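The values are calculated or read from the model by the stated rules, or taken from the named source; none is laboratory data. Just so we're clear, the structure is a prediction, and the values are computed from it rather than from any experiment. Cβ coordinates were reconstructed from backbone atoms using ideal geometry, including for glycine residues, and neighbour counts include every protein chain displayed.
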Amino acid sequence: MNSELITIGQASKMIGVSMQTLRRWDDAGKLSSVRRTKTGYRYYKKEDIENYNVKDLFKLAKIWIADNLGFEPRQDFYCSDSSVFQARLSKMENELGKIKELNAIFPLITAIAGEIGNNSFDHNLGNWPDIPGIFFAYNLDKKNIVLADRGQGILTTLRNIEPKLINHQDALYVAFTKIISGRSPESRGNGLKFVRDIVMHNKINLFFQTGDAYLEIKKRNSDLDVKKANVDFRGCLAVIKF
Amino acid sequence: MTIFLKKFGTTLTGRQFGKESFSAFLPSLKRVKNDEMVEIDFEGVITFTPSWGDEFLSPLLNRFKNKLVLKNTENPSVQATLKMLEKVHNTKFKLSEKK
């Protein structure tokens, strides 16, 4: 049993709601804090926060990726290394396989989540700027999967083989379109081209952002429209809807 | 020789895992005789991706070239991955004929 106490600020980041909302929920008995008598500040049991059923995974991932200092996400959404991710991906594959309507495409959904998640590890191993590993969460009722990393981002890693790239928009476009042959100076699996190809031919939607560039791909959408986002962050954020 | 991929797992994703799988299998490749065909059997594989495939299949393709034959490739993620690897390496995998 985890009886560790965390601050209201930490709790707020871990479940993606404001401190004001947490205070309101506390007063209403929806999610109770533990008050320390001397200071009067609200603290939360870490296990209560870890067990809280987060409704908006995308919002939570955005808070995590955009945080200035960086913090470890909730344990059930955090894959600190690729072996943890591999195990959780297999679990997701198993759960997706039980959904009858996804019978024909669940290996493809697992494959694209696998490529996006593994890309994060492959291109940041030994170079994580702060928090190593990825955020990986899914909601099978809402049919979405959210992946995020606080790594170097596509522009930085792709510059190793395409030094002329100058902005996130161009880097994102290249990552999703240009087949890179050969192995040096960096191994690239062409995984994002694979992801695009699968999304374009199946009933799957993808949102992907790195830096201040994002794109959305859906079935039969062959044009790749990379847009400039209002929010800029290091790393990558992806949402797969099916 | 037939290599049964399900013996490495049914969710074959990631370069790291692909590299580990290839390294683990490398000693067994010494048993392949000159002119012997090497068959890769995908039966039982549920999820297959280009990152794992590039680390495992690409070195086999480089070494055995047209003696490398693939079998039971019907799974959609296997099909999509083979298509991508063919583009990357500008080649065409040989599929074993159905009996």
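For segment A:118-143, residues that are away from chain B (no Cβ under 13 Å), touching a strand residue (DSSP E or B) at 6+ places or on another chain (Cβ under 8 Å) and over 18 Å from A:R74 (Cα atoms) total 2.
Checked against (1) within 11 Å of another protein chain (Cβ to nearest Cβ); (2) in contact with a Gly (Cβ under 9 Å, 6 or more places away or on another chain); (3) surrounded by 19 or more Cβ atoms within 10 Å (Cβ to Cβ); (4) modelled with pLDDT of 95 or more, B:A80 passes all but a single condition, namely (2).
Would you please name the residue that is surrounded by the fewest Cβ atoms within 10 Å (Cβ to Cβ), looking only at residues in segment B:40-55 that are assigned to a strand (DSSP E or B) and within 11 Å of another protein chain (Cβ to nearest Cβ)? Ranking the qualifying residues of segment B:40-55, first place goes to B:F48. Within the option set A:L172, A:L165, being of a type outside the set (K, R) and buried (at least 21 other Cβ atoms within 10 Å of the Cβ) holds for one residue only, A:L172. Going by the conditions given, is B:T47 out of contact with any Phe, Trp or Tyr (no Cβ under 9 Å at 6 or more places or on another chain) and within 21 Å of A:Q86 (Cα to Cα)? In short, no.
Counting only strands (runs of 3 or more DSSP E) that sit wholly inside segment A:134-242, those with at least 1 residues that are hydroxyl-bearing (S, T, Y) are A:134-139, A:205-217. B:K6 meets the stated requirement of being out of contact with any Leu (no Cβ under 6 Å at 6 or more places or on another chain) and more than 27 Å from A:R196 (Cβ to Cβ). Scanning segment A:37-52 turns up one or more residues that are away from chain B (no Cβ under 14 Å), among the β-branched types (V, I, T) and in contact with a Leu (Cβ under 9 Å, 6 or more places away or on another chain).
Okay, residues lined up against (1) under 20 Å from A:Q10 (Cβ atoms); (2) within 12 Å of chain B (Cβ to nearest Cβ):
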residue	(1), (2)
A:D56	yes, no
A:L96	no, yes
A:A104	no, yes
A:P107	no, yes
A:T156	no, no
A:H168	no, no
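Only a single criterion out of (1) touching a helix residue (DSSP H, G or I) at 6+ places or on another chain (Cβ under 9 Å); (2) more than 13 Å from A:G235 (Cα to Cα) is not satisfied by A:V84, namely (1). Could you grab me the full set of residues in segment B:5-25 that are of a type in the set (F, W, Y) and under 14 Å from B:L60 (Cα atoms)? Result: B:F22, B:F25. Evaluation of A:G153 against the conditions (1) closer than 17 Å to A:V226 by Cβ; (2) of a type outside the set (S, T, N, Q); (3) surrounded by fewer than 21 Cβ atoms within 10 Å (Cβ to Cβ); (4) at pLDDT 95 or above shows that the sole unmet condition is (3). Applying the condition of being hydroxyl-bearing (S, T, Y) and in a helix (DSSP H, G or I) to segment B:56-77 and asking which residue is farthest from B:M37 (Cα to Cα) yields B:S77. Out of A:S12, A:S80, one residue alone is among the polar types (S, T, N, Q), within 23 Å of A:A137 (Cβ to Cβ) and not assigned by TED's automatic domain parsing to the domain that holds A:F208. It is A:S12. Considering only residues in segment A:189-231 that are in contact with a His (Cβ under 8 Å, 6 or more places away or on another chain) and touching a residue at least 24 places away in the same chain (Cβ under 8 Å), the one that is farthest from the other protein chains (Cβ to nearest Cβ) turns out to be A:D212.
Residues of segment A:63-94 that are crowded, with 21+ Cβ neighbours inside 10 Å, among the acidic types (D, E) and more than 12 Å from chain B (Cβ to nearest Cβ): none at all.
Residue-wise test of (1) among the hydrophobic types (A, V, I, L, M, F, W, C); (2) at pLDDT 95 or above.
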{"residue": "A:G70", "(1), (2)": "no, no"}
{"residue": "A:A113", "(1), (2)": "yes, yes"}
{"residue": "A:D130", "(1), (2)": "no, yes"}
{"residue": "A:G133", "(1), (2)": "no, yes"}
{"residue": "A:K143", "(1), (2)": "no, yes"}
{"residue": "A:L147", "(1), (2)": "yes, yes"}
{"residue": "A:R159", "(1), (2)": "no, no"}
{"residue": "A:N167", "(1), (2)": "no, yes"}
{"residue": "A:D170", "(1), (2)": "no, yes"}
